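As structure tokens, the structure follows; a few thoughts come after it.
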Amino acid sequence: IQDGMDQIKIGVIGCGAISPIYLQNLTKYAQTTVAAVADLDIERAKAKATEYGIAKALTVDEILADPEIEIILNLTIPVAHNEIARKCLEAGKHVYNEKPLTVSRQEAIDLLNLATEKGLRVGCAPDTVLGAGIQTVREIVDRGELGEIVGIQGWMMGPGVETWHPNPPFYYQKGGGPLFDMGPYYLSAMLQLCGPIAKVTGFTRTTFPTRFITSEPLNGQTVTVETPTHIVTALQFENGAIGQLTTSFDTMAPSKLPCIEIYGSEATIRVPDPNTFGGPILISKKGTWEFEEVAITRPYAENSRGLGVLDMGLAIRSGRPHRANGQFAAHALDVMHAAHESAEVGSHIQPVISTERPLAMPTTELVD
């Protein structure tokens, strides 16, 4: 795509808190144009259109009927992801969801089946795993510098969101909790680096049945906790590696453990925060006791949310698979449900949604 020709025309549904970074990037990339935005609050859509120089602010029905738009970026709340995505597919649009892909496993399966039936594509955040940090680690792994992968571990632990988030009740309702909130970032990174997961075992607890909100504007209100808030998930990868992910809203201070570590027969590597696009990356090779920082060799180290949408649009143009794809996101969703189900029944759970490791990102910025 050169000289502004054959632009990827994108429509955005949902103009809430996450939308600015997407609009900033998708109006900046040379190959993409945000043709319209929509929101249940039309005035909010108009404000975003004015702020980012977008031609049209529409209702949801209007944006779905717009023949100019090829891909819908679905930034609605999680419980609406499936409904809106299905409407996009029924309207003949490709759709890219914010995470999670859907709330339930069956919704994800049905959504992917509908996309296949319609000959359309589904994409899903997070696209942080396409950034410079995770992709540099992937290059190191794929070169064999770690040797045989023995295991991978991740930690996301801290006090609850009621101390800082403006609307914390959702995080403690069914479908919330630390695993469904942050697990997509960590699991997507693990899947990128180690491949699909074959078996899941979960252990869960709810330490505090009631949460007291101290953030504004709900300061002083209480939340009844309906979902586990400390989850340890054991993972058996198809390649034989053994993994573990701990996600918690129950620790009194943020964890000082690395976000993710991979253990190989030749080296250990510390993976960057999977909620970011850059570094740092640290490696300790066999025979040494110290970690050394690794140079970032890939593009997109800055906050590049929207990169997955760009990659999907270019993939549609060239006929190749896109990387932040719905099948990949559905496998991660399946694993999260399996962790909770395993804790309830007391046995291993095998994911029912398969996936393949996506293509690595190119060493230069996307241009095809």
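Couple of notes before you dig in:
- ³J(HN,Hα), Karplus 6.51/-1.76/1.60, whole Hz, each residue of region 270-280, x for Gly, Pro: 9, 8, x, 3, x, 8, 10, 9, x, x, x
- Between residue 106 and residue 43, full extension at 0.36 nm per residue minus the direct alpha carbon distance yields a gain of 19.2 nm.
- Between amide H atoms placed 1.01 Å from N, distances below 5 Å from residue 282 occur with 270, 294, all of them 5 or more places distant or on a separate chain.
- Rolling a 1.4 angstrom probe over the chain with all protein chains present gives an accessible area of which 54% lies on carbon and sulfur atoms.
- Computed extension gain for residue 284 through residue 148, at 0.36 nm per residue and net of the alpha carbon distance, reaches 47.5 nm.
- Which of 260, 272, 122, positive extreme of dipole for the chain (C-beta unit charges): 260
- Estimated [θ] at 222 nm from DSSP helical runs (n ≥ 4, -39500 (n - 2.57)) normalised by residues in the chain, nearest 500: -9500 deg cm²/dmol
- Candidates 353, 18, 69, ranked by Gaussian network fluctuation over the chain, Cα under 10 Å, top entry: 18
- Alpha carbon convex hull of the chain, volume per residue in cubic angstrom: 136
- Taking each of 199/256; 87/199; 46/87; 256/285; 28/174 in turn, the alpha-carbon distance tops 31 angstrom for 87/199; 28/174.
- Nearest-10 value in Å² for the accessible area of residue 230, using the 1.4 Å probe: 50
- Charges were assigned to the Cβ only: +1 to each Lys and Arg, -1 to each Asp and Glu. The resulting dipole of the chain about its Cα centre is roughly 180 debye.
- Within the same chain, lysines fewer than 8 places from residue 93 are excluded, and of the rest, those with a Cα less than 20 Å from its Cα are 9, 56, 118.
- Span-rule helices in the chain, defined as complete DSSP H runs reaching 24 Å or more along the axis (Cα) with Kyte mean at least -1.0: 177-194, 326-345
- Peptides 129-138, 355-364 ordered by packing proxy, namely the average of other Cβ atoms within 10 Å per residue, highest first: 129-138, 355-364.
- Legend: calculated FRET efficiency, residue 77 to residue 317, from the Cβ-Cβ distance at R0 = 25 Å, rounded to 0.05, equals 0.25.
- Based on protein heavy atoms only, region 7-160 ends up with 37 Å² per residue of surface accessible to a 1.4 Å probe.
- GNM result for the chain, Cα springs below 10 Å: residue of 250, 41, 311 fluctuating most strongly: 41
- The 3J(HN,Hα) values that the Karplus relation (6.51, -1.76, 1.60; θ = phi - 60°) gives for region 170-175 are, in residue order, 3, 5, 10, 8, 4, x Hz. Gly and Pro appear as x.
- Subtracting the Cα-Cα distance of residue 218 and residue 139 from 0.36 nm times their residue separation leaves 23.9 nm of extension gain.
- Rolling a 1.4 Å probe across all protein chains gives residue 155 an accessible area of roughly 40 Å².
- Residue by residue, region 225-237 carries 3J(HN,Hα) couplings of 7, 10, 9, x, 10, 9, 10, 10, 10, 8, 10, 9, 7 Hz when phi is fed to the Karplus relation 6.51 cos²θ - 1.76 cosθ + 1.60 (θ = phi - 60°); x denotes Gly or Pro.
- Distant-in-sequence amide H partners of residue 244 (H built 1.01 Å from N, under 5 Å): 152, 153, 154, 235
- Summary value for the chain: 19 percent relative contact order, contacts being C-alpha pairs under 8 angstrom separated by 6+ residues.
- 1.4 Å probe accessible area per residue over region 184-317, in Å²: 44
The values are calculated or read from the model by the stated rules, or taken from the named source; none is laboratory data. Not measured: the values here are computed from a predicted model. FYI the Cβ positions are ideal-geometry reconstructions off the backbone, even for glycines, and counts take in every protein chain you see. The area values use the complete protein model at the heavy-atom level, side chains included, leaving out ligands, DNA and RNA. Shrake-Rupley method; radii C 1.70, N 1.55, O 1.52, S 1.80 Å.
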